[in-house]
There are 2 protein chains.
Amino acid sequence: MKEYIKHHEWNIVEEGFDPADNRVSESLFSLGNGRMGGRGNFEEKYSGDSLLGNYVAGVYYPDKTRVGWWKNGYPEYFAKVLNAANWLGIHVEVDGEELDLATAKVENFKRDLNMKEGYLQRTFEATLPSGKKVAVVSTRLLSIVDDEGGAIRYEVKAVNFSGNIKFSPFVDGDIENEDSNYDEKFWVEVAKENEAGQAILVSETLKTQFQVATGMKWNLTLNGAVQSTAIETENKEKFVGNSTTVAVSEGDVATIFKYICNISSENHDKGDLIAVAKDYLARVEAKGFDTMMEEQAAAWAKKWEFSDILIEGDVKAQQGIRFNIFNMNQTYTGEDARLNIGPKGFTGEKYGGVTYWDTEAYCVPFYLMTAEPEVVRNLLIYRYNHLERAIENAQKLGFTDGAALYPMVTMNGEECHNEWEITFEEIHRNGAIAFAIYNYIRHTGDDKYLADYGFEVLLGITRFWKQRVNWSVGYNKYVMLGVTGPNEFDNNVDNNWYTSYIAMWCMEYTTKAVEILKEKYSERYAELVAKTNFNEAEEVAKWAEIRDNMYLGYDEERNIFIQADGFFNKEQILVKDMDQSQLPIVHHWSWDRILRSNFIKQADVLQGIYLFEERFSVEEIKANYDFYEPRTVHESSLSPCIHSILAGKIGDQARAYEFYLRTSRLDLDDYNADTRDGLHITSMAGTWMAVVEGFAGKRVFDDGVLRLAPFIPAEWGAYTFNITHQGAMLAVRVSEGKVEITNTSDVAINVFVHDKEVAVPANGNVAI
Amino acid sequence: MKEYIKHHEWNIVEEGFDPADNRVSESLFSLGNGRMGGRGNFEEKYSGDSLLGNYVAGVYYPDKTRVGWWKNGYPEYFAKVLNAANWLGIHVEVDGEELDLATAKVENFKRDLNMKEGYLQRTFEATLPSGKKVAVVSTRLLSIVDDEGGAIRYEVKAVNFSGNIKFSPFVDGDIENEDSNYDEKFWVEVAKENEAGQAILVSETLKTQFQVATGMKWNLTLNGAVQSTAIETENKEKFVGNSTTVAVSEGDVATIFKYICNISSENHDKGDLIAVAKDYLARVEAKGFDTMMEEQAAAWAKKWEFSDILIEGDVKAQQGIRFNIFNMNQTYTGEDARLNIGPKGFTGEKYGGVTYWDTEAYCVPFYLMTAEPEVVRNLLIYRYNHLERAIENAQKLGFTDGAALYPMVTMNGEECHNEWEITFEEIHRNGAIAFAIYNYIRHTGDDKYLADYGFEVLLGITRFWKQRVNWSVGYNKYVMLGVTGPNEFDNNVDNNWYTSYIAMWCMEYTTKAVEILKEKYSERYAELVAKTNFNEAEEVAKWAEIRDNMYLGYDEERNIFIQADGFFNKEQILVKDMDQSQLPIVHHWSWDRILRSNFIKQADVLQGIYLFEERFSVEEIKANYDFYEPRTVHESSLSPCIHSILAGKIGDQARAYEFYLRTSRLDLDDYNADTRDGLHITSMAGTWMAVVEGFAGKRVFDDGVLRLAPFIPAEWGAYTFNITHQGAMLAVRVSEGKVEITNTSDVAINVFVHDKEVAVPANGNVAI
């Protein structure tokens, strides 16, 4: 754990430069705009330890799988979001001496991420070995207005000398992924143009042949006056650069304005990339850096209006929650159904930057409540577009007749992962994808989505479940064998309660979807029946028979659902009673020992109770929580938020707050000593859920009604969150004994607060 | 399946050259002498497809593990038997044209492995592109008399030309393993000497720093007369070669005699290797090729006397069984306790050439009955010498107090394997290692072995089992969770009957060992108690308590032992009722599908019944056999032999014979299309067991008495096997209705034949 980030309500601030923390800070100071993003690397040369990382959304490479022991069915490739051309670079020489913070004496170093307005500023003074000192202010944004690029203002003051400063802005496409399986580089150069003041490099990925034109346009001012110094161009393989030298006197400030873009063949014809890049660069340069900054601030204000949480009386918590919200919004904007949310977003390479069930289980709830419905709709359509490949994936595993198994990890719909116990057995992901459709509809009321896209996905998933169960002569029930539940600390188990339960729910909900389609979208339903060869009578009847005869483990004595067969054969030890030096067990214990222990990685039975809470009594929830939580080691960043929400539900407010704390500053304080690899983007959504669902008790059940049951942690004065529900936009302020709801939309809404119905008028407010 | 090998009682014969079969033939025509071995590669250049392979026993390389997803506890290295210097090479040029069977026209090609006398002969005629034709006879042996080397006689006849033949005999150490994880070469050159007629290359392995001096000494004759042609030497990195040219007239025969050796630092000081090599080469050259051949034949005759099985009336079966016996004896001679038996012996790289539980489960019974007791004793001592590392290995997995877990795969005692479901969970190997000690003692009567070595191993293993079980609040029994049984088609199961049973047996036998030690070796026992911190009272009592309260799955309805928890949740399908095109399932099904099927890879419950047969009634055996066998796909080469033996036991002679057939020509007819990778050495022992234990019903139980219950397959006229038991050497001939036993030793013995006690006098015989 590190605690060097200064506490501030809206800003993330690092003061002083410690090279040992640099990779952590590079992650924390990442910028993104949904289309691209990158780590907080330096513009000037840095010869110290650094993870250079720039990423363009949707541009991936299928790296050949490397595995010790091949299992039949493994995918041949692992799709990786690629480290793309470095567009930041502005090398600086002072009278021939290179500015490099690894060799200079650095003072007054500060990185400051302004989350309110969406930019990163870095200031420092550097004394070069010669004794010459410069003061630098770099200001950088990735535009969410002109979202194919961004800009840098890089100011250098000659503090104690007169002389020449040489600036070399460049684009470098000679990049590799640290996680390359075969130490290969994935990009080749396709074209480049390089002239004084503007250079464009077009790179293409091997195999997938994505092309990206990375361009720069720049100018130089001295004390605010535009300069026309001589410019040299430098061309190397996969590299375009300019350089110019300006004479400065002591106290002068020389400034480079560098406008950049990443124009992708995902959005433009390959033949047009250079032209589009030039247009973009001309447009934003004409607009100017200050205007870009103003527009960026305004656009971010709009995002905050939707999604901010204001915490009064706790700056540390305030900073933590905003950092999470800011990064969710930097990563995904919901405008492009081909994109999704990687576990590290644009902040690192780990996990390949691809799509996991995290999206549906954690990110969808966040965007449902903080963004226009289209955002989540696009996340759902992403899976709809992969349906055919999910069917092919299931076929590889022996399933037939349109059964679909969505991949554990994917970029383009194809499975990427290759641990059999996860790839083939962690099939509950299929349930999360179905649940997200239901979740979208109950929040938005948009049941036409079933007709347009949803039903086909539900049908493929439900057909999978139907084939995946089998009749047990031992139990005289349908059983689900050989699965890995959300608790990845148990593998190849039978009758994992969560998986079986969500499978049954899928059968139920798909049956309900059939009814909705027949009733409201009958014409489209007829088309879908034909398209999917759906035998309604037979298939629906079979699902009902399976649901009626499905085995779900239940322990009468303890009044709890049994996580999986054999759980009570395990030695029962509570986490608090074990040798604490053995935590986290994933670092201390061999895999077999973890598997045969009763320790749970993350919510499993409790994850199911969270999803279907209205189906269980508070006593049932409490019994399961009281049994499973003490056996849970929370070694997944996705675990504490669910526990926080359930603790809130059963009235254990202190523990709800305790779990919240474990997530909200996970990256800012580098809890798990892994922030250097990138931020835990998908678990950030869970932090937001812990406040809104855990503390404020927000729920939406089958009836689509918004319910709240707020309490306030003792440590806070008040908190206000923004939430959108079925067209209404509400700001909910919770303080001790008081709930105030302000409706900033034209849509009136009735909200249940602690089971009492409250009418919130359009553009009005109520206090309870 | 291929059937190109000609049927012959004593020889393996291939006629005609098909490059597509070359790798298969290279495996089949492998030679070995326990100290070294290699594949049936060609002496002359061959530019076609080939797996060059030469191996020196005990010389390994710890190749850094390559794995997709690392699990805590995985070993960092995988020990591999190294492909070593190629000593075969004799390149041949005819008037400047290279002899290469990939480019020449080949006629009358024949490979002939003489198993009776232990040599390989290859004959062919080759017409070079120029039209010049040579007839070649190459005869090769690896000496089991002078077992640090061997010799080649390479005869070339000028069939239709007069001209010059250039011979270039060489040693090439620039070798790589095909299975190298990082495409590295593992050998470096240390020294070389190269003079006319003799050259020695000393190579050293990276990391392990084994050194091997590979030497050659050669001479040339023309029509039988020694020649003194001019000799050139060629030195390259890791290469020493000579060459000489002889003028021939049409019809002349030029012959190279090449004597070779591999002198290993395992057996000599590194500083002496070259001198030892020179001594060896001088000695065998003085002896001469013909004498080496004669001595080889005599030594092999001795081996056959111990281990031959004579089958009358079935040449195909005869050839099959002898090929298996021959290869067992080529692979391991039992003289060196540092050596063991890799699954492929000296015939290929696959499985790294290292030690598996195959040794104890399959090879030990073979050598116990066909070789001097020292042979198996050395195999046991091999494990004794690894005890400390087995204790360290268990410590890595969280065990304490001297608990030992032997590795799944090893060379030097350290674990090499890295699939968690096998490495960490296929722990029944520990039981096989304990059982081998018991098996040795009941066959030899040498219970002093317990005092010398055995007890320490038994104690470490038993301590492991004691810690590996846990008390189940669900079952109110001790349980064994998270194991993989012999059936590797089920992973991470609870209460695998075989594993739990052998664990209990280990506790029982170690307790018995304590009694024996106290009674017969009390002084040594006191030493052992001190050495192992053995708390007899407490530990023995605990083992008894566990044995009394251990959970063993039993199905009352079917009267069978349950392979593992959950077996009856699986859909019950018989192999005969499944789509046969899906076999072998390991090639057609994804791993999850295999795991949740009821299909069994190899004997599991039945393996336990095989080991402890006297503890079960014939009815119990039959019930379990009838239940499990129809669910077994026999996708391990180790499976059919156990089924053959049990089928014999329950009187199903036809199936006993059918299973025997599946093993006896596994490699000769390339049943599994994988002989190209090397021979299935360890499963060859099972074939022998199928005859002696399956057909002849040979058993030795606790009382150490030799029992027979022979029948004869309908297809055979008679069969005779040789067996050694407690000092007696018996030849047992079984024909229809008759059993003849000839005792060729000075030890009289009583044998039970079909439960009737028969006295077999020393150097006498009886007929029953």
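The values are calculated or read from the model by the stated rules, or taken from the named source; none is laboratory data. Not measured: the values here are computed from a predicted model. All Cβ positions, glycine included, derive from the backbone under ideal geometry; neighbour counts span all protein chains shown. Protein only, heavy atoms only, side chains kept; ligands, DNA and RNA dropped before computing areas. Shrake-Rupley method; radii C 1.70, N 1.55, O 1.52, S 1.80 Å.
For the subset of the range A:578-597 comprising residues that are closer than 22 Å to residue A:565 by Cβ and not hydrophobic (A, V, I, L, M, F, W, C), which member is most open to solvent (accessible area, probe 1.4 Å)?
A:593
For the range B:457-464, does any single residue satisfy the condition of being within 11 Å of chain A (Cβ to nearest Cβ) and within 17 Å of residue A:590 (Cα to Cα)?
Within the range B:457-464, none of the residues are within 11 Å of chain A (Cβ to nearest Cβ) and within 17 Å of residue A:590 (Cα to Cα).
Please determine whether any residue of the range B:417-430 is open to solvent by 10 Å² or more (accessible area, probe 1.4 Å) and touching a strand residue (DSSP E or B) at 6+ places or on another chain (Cβ under 7 Å).
no
In a loop (DSSP other than H, G, I, E, B) and in the same structural domain as residue B:293 (by TED's automatic domain parsing): does that describe residue B:110?
Criteria not met by residue B:110.
Check off (1) open to solvent by 10 Å² or more (accessible area, probe 1.4 Å); (2) in a strand (DSSP E or B); (3) within 12 Å of chain B (Cβ to nearest Cβ) for residue A:68 and give me the number that stays unchecked.
(2)
I need the full set of residues from the range B:472-519 which are at the interface with chain A (Cβ under 9 Å from one of its Cβ atoms), open to solvent by 10 Å² or more (accessible area, probe 1.4 Å) and free of Cβ contacts under 8 Å to residues at least 24 places away in the same chain, in order please.
Across the range B:472-519, the qualifying residues are B:473, B:474.
Quick one: which of B:362, B:406, B:440 is more than 19 Å from residue B:460 (Cα to Cα), more than 14 Å from every other protein chain (Cβ to nearest Cβ), open to solvent by less than 10 Å² (accessible area, probe 1.4 Å) and among the aromatic types (Phe, Trp, Tyr)?
After applying the criteria, what remains is B:362.
What residue, among those in the range A:548-558 that are within 12 Å of another protein chain (Cβ to nearest Cβ) and in a loop (DSSP other than H, G, I, E, B), is most open to solvent (accessible area, probe 1.4 Å)?
Among those residues, the one meeting the criterion is A:557.
Just to be sure, is residue B:250 charged (D, E, K, R), touching a residue at least 60 places away in the same chain (Cβ under 8 Å) and either within 30 Å of residue B:78 (Cα to Cα) or open to solvent by less than 40 Å² (accessible area, probe 1.4 Å) (or both)?
So residue B:250 fails the test.
If you check residue A:561 against the conditions, is it farther than 18 Å from residue A:636 by Cβ, within 7 Å of another protein chain (Cβ to nearest Cβ), out of contact with any Cys (no Cβ under 7 Å at 6 or more places or on another chain) and open to solvent by less than 60 Å² (accessible area, probe 1.4 Å)?
no
Filter the range A:52-65 down to the residues that are more than 14 Å from chain B (Cβ to nearest Cβ) and either in a strand (DSSP E or B) or open to solvent by 10 Å² or more (accessible area, probe 1.4 Å) (or both) and list them by number.
Within the range A:52-65, A:52, A:54, A:55, A:56, A:57, A:58, A:59, A:60, A:61, A:62 meet the criteria.
On the given criteria, is residue A:557 at pLDDT below 95 and over 30 Å from residue B:422 (Cβ atoms)?
Yes.
Mind listing whichever residues of the range B:92-116 are within 22 Å of residue B:30 (Cα to Cα) and either over 36 Å from the mean Cα position of the chain (by Cα) or surrounded by fewer than 20 Cβ atoms within 10 Å (Cβ to Cβ) (or both)?
Across the range B:92-116, the qualifying residues are B:100, B:102, B:106, B:108, B:109, B:110, B:112, B:116.
Examine the range A:172-184 for a residue that is open to solvent by less than 10 Å² (accessible area, probe 1.4 Å), of a type in the set (Phe, Trp, Tyr) and over 19 Å from residue A:212 (Cα atoms), and state whether such a residue exists.
no
Test residue A:312 against the stated conditions and say whether it is of a type in the set (Asp, Glu) and in contact with a Phe, Trp or Tyr (Cβ under 9 Å, 6 or more places away or on another chain).
Yes: the conditions hold for residue A:312.
Right, residue B:680: within 14 Å of another protein chain (Cβ to nearest Cβ) and closer than 30 Å to residue B:41 by Cβ or not?
no
Listed here are the residues, each with its yes/no results for (1) over 26 Å from residue B:364 (Cα atoms); (2) acidic (Asp, Glu); (3) outside the structural domain of residue B:380 (by TED's automatic domain parsing); (4) at pLDDT 95 or above.
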site	(1), (2), (3), (4)
B:434	no, no, no, yes
B:473	yes, no, no, no
B:481	yes, no, no, yes
B:487	no, no, no, yes
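So, of the residues in the range A:565-577 that are more than 10 Å from every other protein chain (Cβ to nearest Cβ) and under 33 Å from the mean Cα position of the chain (by Cα), which turns out to be least open to solvent (accessible area, probe 1.4 Å)?
So, considering only residues that are more than 10 Å from every other protein chain (Cβ to nearest Cβ) and under 33 Å from the mean Cα position of the chain (by Cα), the one least open to solvent (accessible area, probe 1.4 Å) is A:575.
Kindly provide the set of residues from the range A:221-236 that are in contact (Cβ under 8 Å) with a residue 12 or more places away in the chain and either in contact with a strand residue (DSSP E or B) (Cβ under 6 Å, 6 or more places away or on another chain) or of a type in the set (Val, Ile, Thr) (or both), ordered by number.
Within the range A:221-236, A:221, A:222, A:223, A:227, A:229, A:231, A:232, A:233, A:234, A:235 qualify.
Which strands (runs of 3 or more DSSP E) does the range B:230-323 wholly contain that include 1 or more residues that are outside the structural domain of residue B:28 (by TED's automatic domain parsing)?
Output list reads B:309-312.
Name every residue in the range A:624-672 that is part of a helix (DSSP H, G or I), aliphatic (A, V, I, L, M) and in contact with a Leu (Cβ under 7 Å, 6 or more places away or on another chain), in order of residue number.
Of everything in the range A:624-672, those that are part of a helix (DSSP H, G or I), aliphatic (A, V, I, L, M) and in contact with a Leu (Cβ under 7 Å, 6 or more places away or on another chain) turn out to be A:642, A:646.
Output the number of the condition that residue B:44 fails; it satisfies all remaining conditions of (1) within 25 Å of residue B:184 (Cα to Cα); (2) open to solvent by less than 20 Å² (accessible area, probe 1.4 Å); (3) charged (D, E, K, R); (4) at pLDDT 95 or above.
(1)
Restricting the first residue to the range B:272-301 and requiring it to be under 22 Å from residue B:117 (Cα atoms), which pairs with a second residue that is surrounded by fewer than 19 Cβ atoms within 10 Å (Cβ to Cβ) meet a Cβ separation below 7 Å and a spacing of at least six or different chains?
Hits for this filter: B:295/B:145; B:296/B:117; B:296/B:145; B:297/B:117; B:299/B:145; B:300/B:116; B:300/B:117.
Just need a number here: residues in the range A:575-611 that are farther than 20 Å from residue A:497 by Cβ and not in a helix (DSSP H, G or I).
So the answer is 6.
Give me a count of the residues in the range A:726-746 that are in contact with a His (Cβ under 9 Å, 6 or more places away or on another chain) and either open to solvent by 50 Å² or more (accessible area, probe 1.4 Å) or touching a residue at least 40 places away in the same chain (Cβ under 8 Å) (or both).
Of the residues in that region, 1 qualify.
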